[in-house]
């Protein structure tokens, strides 16, 4: 049977009560201009405010509004993944609920998609309303990620993008738990292009990506797409071992062929601290990779849906089925 929804818009939300009604109104205005069928998939990632209740009320009288309500907070990347599992459109659009990314850009994305591009991602040229540290750390994050990963991930891009159904179907075949969606989109390939825009200041509320989450996202990106940290450990270990051997030869020479007094303790302690610190650091890197392997072997579902409104069963190929109650 032919899909009746041309477009699916995925909106992850977490404590967005202050802005969610404005988000809904702007998305309705934009999507109505397409003149085609669409659905608005709001994914409530364990919000503690009235975000889910507001969208639930909208779904009673607006059939385009769907709600996927998680049993707890599973994280932004998992919320996007759930949206893709449930999305029924020929083109799937991801946009955050905070209105920093302008919904009006969706129309330009659709135009690019109709020109034949299968992924259209939004690239930020300016970030309004953010602190200097936030801008600097975000810029550093993207550059470190680009230098560290094997897959070319565009810099200054978030998850705001349009993807063709074929791309989403391929993404749904990737079962990993520690997900970095924008990296996975780059990995699957297809024809991709960028749309530049200026990111607006958050309309209300506070950022859901403080420094701690940015660091986790950076680690997820690097460890999911690169072995360079492990290679770096080998290179640094070889350098430090070589330096230690040369220092040992120097100390042995002083002891055998000179009368110089070897105090020893300060230099020995210094060398021990350097080597032990390096060993602990590399054990932490190895532990990060081993921990992710452990996560993958558990076989737990990525998320649990407490309730869903207006949606059918998830359209997915995952072996771990999500636990769902449906309210049509």
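The values are calculated or read from the model by the stated rules, or taken from the named source; none is laboratory data. Because the structure is a prediction, the values reported are computed rather than measured. Glycine gets a Cβ as well: all are built from the backbone with ideal geometry, and neighbour counts include every protein chain shown.
Points to keep in mind about this one:
- Of the listed requirements (1) under 20 Å from the mean Cα position of the chain (by Cα); (2) buried (at least 20 other Cβ atoms within 10 Å of the Cβ); (3) at negative phi, residue 73 misses just one: (2).
- Qualifying residue in region 106-126 (condition: surrounded by 12 or more Cβ atoms within 10 Å (Cβ to Cβ), modelled with pLDDT under 85, more than 21 Å from residue 23 (Cα to Cα) and out of contact with any strand residue (DSSP E or B) (no Cβ under 8 Å at 6 or more places or on another chain)): no
- Any hit, region 128-146, residues being modelled with pLDDT of 75 or more and on the phi < 0 side of the Ramachandran plot: no
- Complete set of residues in region 19-56 that are farther than 20 Å from residue 75 by Cα and out of contact with any strand residue (DSSP E or B) (no Cβ under 8 Å at 6 or more places or on another chain): 21, 22, 25, 26, 29, 30, 32, 33, 35, 54
- Listed by position, the strands (runs of 3 or more DSSP E) inside region 18-114 whose residues that are more than 15 Å from residue 307 (Cα to Cα) and touching a helix residue (DSSP H, G or I) at 6+ places or on another chain (Cβ under 8 Å) number at least 1 are 38-44, 91-94.
- If you check 171, 195 for being out of contact with any strand residue (DSSP E or B) (no Cβ under 6 Å at 6 or more places or on another chain), closer than 25 Å to residue 9 by Cβ, modelled with pLDDT of 85 or more and assigned by TED's automatic domain parsing to the domain that holds residue 40, only one passes: 171.
- Residue satisfying condition, being touching a helix residue (DSSP H, G or I) at 6+ places or on another chain (Cβ under 7 Å), modelled with pLDDT of 65 or more and crowded, with 18+ Cβ neighbours inside 10 Å, within set 184, 236: 184
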